[in-house]
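The values are calculated or read from the model by the stated rules, or taken from the named source; none is laboratory data. Just so it is clear, the structure is predicted and the values come from calculations on it, not from any experiment. Don't worry about glycine lacking a Cβ; one is built from the backbone with ideal geometry, like all the others, and counts go over all protein chains shown. Accessible surface areas use protein heavy atoms only, side chains included; no ligands, DNA or RNA. Shrake-Rupley method; radii C 1.70, N 1.55, O 1.52, S 1.80 Å.
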Amino acid sequence: MHYGNSLRNTTTLGSEKERERVYDTIFRLPWRCEVLISVGFFICFDSFLSLLTIMPTRVLITFWRLLTTRQFKWPSAAELCDFGCFLVLACGVIVLGRTDISLIYHMIRGQGTIKLYVVYNVWEIFDKLCQRFGGDVLETLFNSAEGLANCSQENMGFWIRRFVSDQALTMAFSILHSFILLAQAITLSTCIVAHNNALFALLVSNNFAEIKSNVFKRFSRDNIHSLAYSDSVERFHISACLLFVLAQNILEAEGPWFESFLFNAFVVFVCEMLIDIIKHSFLAKFNDIKPIAYSEFLEDLCKQTLNIQTEDCKKNLTFVPLAPACVVIRVLTPVYAAHLPCSPLAWRFFWILVLISMTYIMLTSLKVMIGMGLQKHATWYVSRCRKRKHHLD
C-alpha cells in the first residue's frame, strides 16, 4: 500500500510551466491560430476579387486613355504588370474553355476508389508545389516589368525580350496550375456528386494524415509562420473547388441536391479547420512556440495589409490568384450560359452584358466591403499591439 508502484513513478511531477503549456495547447493557441488563418483567407479572397474587378478596370482605363488622347505614352511598371496579369488570365480562361469537363469527370469517376484517392493526393501535392513556386514566377515578371518601364533606349531591346520570355513563362505556369486545380476540383466533385461515401471518407481522412506528416517534425518559428500562411491559401483553394462542385450540381444534378451539398461542404470545411487547429497546437507544443507568436504573425499580416514595411519581406503572405480565377470563370460561364433566354442574337448579347454588369457590380461591392473590413481590423490590431508594447516598456 505504501511502497508499491503508482502513477507518480511513471510520470514526472508537473510544474506551473507544464500547466501553462497544457492550457496553451487546448485553449489559447487554437483561437489565435484560427484567427490568423481566417484573416489570411480573407486577404486571399480580397486579392482574388481585385484580380477580377480592379485589374481589368485599370487595363480598360489605360486603353481608353490611349484611344482618346491618341498619344502613345510609355507604360509604367504598374500598367505593364496589369497588362501581363490580364493577358495570363485571358489566355488561361480561353485554354480552360476548350477543356471538356464532362469527359474528364467521367474518366475520373470510372476509376477505382483507391486509385482515385491516390490521384487526388497527387493533384494536392502538385497544387502545393505550384503555390510555392507561383509567387517566384510572378515576382520575376514584375521585376522585368519594372526594368522595362525604367530602362534607357539602349537597353530597351534586352528588357523587351526579357519581359516577353517572363510573360510566356508565367502564362505557361499559370495554365498548368489551372489544370491541376481544375483536376483537383473535378475529383472532389466526383466524391460529392456521386455519393461515394467510401471515397469521401478516404479524402477526409487524408486531411488527418497531414497531422502525421507535420506534427512529429522539428519546425522553426519561421517555418511555422510560413505553414500558417500556406494553410490560408489552401483553405481558399478548397473554397474554389467547392464552388466548382456547386456549379456542377446546378448544371447536372437531378432531384434534391442542395442539402446534401451543404452537408458535404460543411464536413470538408470543418475537417480542414480541425486539422489546422490540431496541427498547429501540437506543432507549437513540441517546438516550444508560445501562443503570443501567433499574435505576432497576425501583426505582421496586418502590417502587410496596411502596406507597412516589415523587417523581413519574405515573411509576407504570398498568394497568386490567377489559377483559381481561371478555374472559377471557366466553371461559372456554363452556369450563366444555361440561364440565358432563347432569344435572337441581339437580345442574347444584351442579356450577356446585363449579367456581366450585375456580376461586376456585386463583386466590386464585395471587394470594397472586404477591403474596408481588413483595413479596419488591421488598423485596430496594429494600434493595439503598439499600445501593449508601450505598456510593457
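Summary of values
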{"read-out": "Solvent-accessible area per residue for the chain (1.4 angstrom probe, square angstrom)", "value": "58"}
{"read-out": "Listed residue (250, 64, 219) projecting farthest to the positive dipole end of the chain, Cβ model", "value": "219"}
{"read-out": "With Cα atoms, 0 to 90° folded angle of helix 29-52 axis to the chain main axis", "value": "0"}
{"read-out": "Taking the chain and dividing mean pair separation by its residue count, relative contact order in percent (alpha carbons under 8 Å, at least six apart)", "value": "30"}
{"read-out": "Nearest-ten-degree value, helix 197-215 long axis tilted from longest Cα axis of the chain", "value": "70"}
{"read-out": "Too-long pairs where the Cα-Cα distance tops 18 Å, listed order kept, from 212/279; 212/315; 303/376; 285/387; 315/367", "value": "212/315; 285/387; 315/367"}
{"read-out": "From phi via Karplus (6.51, -1.76, 1.60), per-residue ³J(HN,Hα) for the range 320-330 in Hz, x at Gly/Pro", "value": "10, x, 5, 5, x, 5, 4, 5, 5, 5, 5"}
{"read-out": "The chain, helix-only ellipticity at 222 nm - DSSP H runs n ≥ 4, -39,500 (n - 2.57), divided by all residues, nearest 500", "value": "-28500 deg cm²/dmol"}
{"read-out": "In Å², nearest 10: area of residue 296 left accessible to a 1.4 Å probe", "value": "70"}
{"read-out": "Karplus 3J(HN,Hα) series, Hz, for the range 286-301 with 6.51 cos²θ - 1.76 cosθ + 1.60 (x for Gly, Pro)", "value": "6, 9, 6, 9, 6, x, 4, 5, 5, 5, 5, 4, 5, 5, 4, 5"}
{"read-out": "Listed peptides 364-377, 58-71 by packing density, highest first (mean Cβ within 10 Å)", "value": "364-377, 58-71"}
{"read-out": "Positive-end residue, the range 16-391 charge dipole about Cα centroid, Cβ charges, pick of 111, 39, 167", "value": "39"}
{"read-out": "Simple label model, 7 Å out from Cα along Cβ direction - residue 375 to residue 270, nm", "value": "3.7"}
{"read-out": "Solvent accessible area, Å² - residue 154, 1.4 Å probe, full protein context", "value": "150"}
{"read-out": "Charged-residue dipole, Cβ positions (Lys, Arg, Asp, Glu), the range 43-152 about Cα centre, Debye nearest 20", "value": "300"}
{"read-out": "Gain on full stretching of the segment that runs from residue 114 to residue 76 - 0.36 nm per residue minus C-alpha separation", "value": "8.5 nm"}
{"read-out": "Given charges at Cβ of Lys, Arg, Asp, Glu: the range 318-393 dipole, positive-most of 322, 381, 361", "value": "381"}
{"read-out": "Under Karplus coefficients 6.51, -1.76 and 1.60, residue-wise ³J(HN,Hα) of the range 56-73 in Hz, glycine/proline x", "value": "x, 5, 5, 5, 5, 5, 5, 5, 5, 5, 5, 6, 6, 7, 6, 10, 6, 10"}
{"read-out": "The range 16-391, accessible surface, carbon-and-sulfur percent (1.4 angstrom probe)", "value": "67"}
{"read-out": "Only Lys, Arg (+1) and Asp, Glu (-1) charged, at Cβ; the chain dipole about Cα centre in debye", "value": "500"}
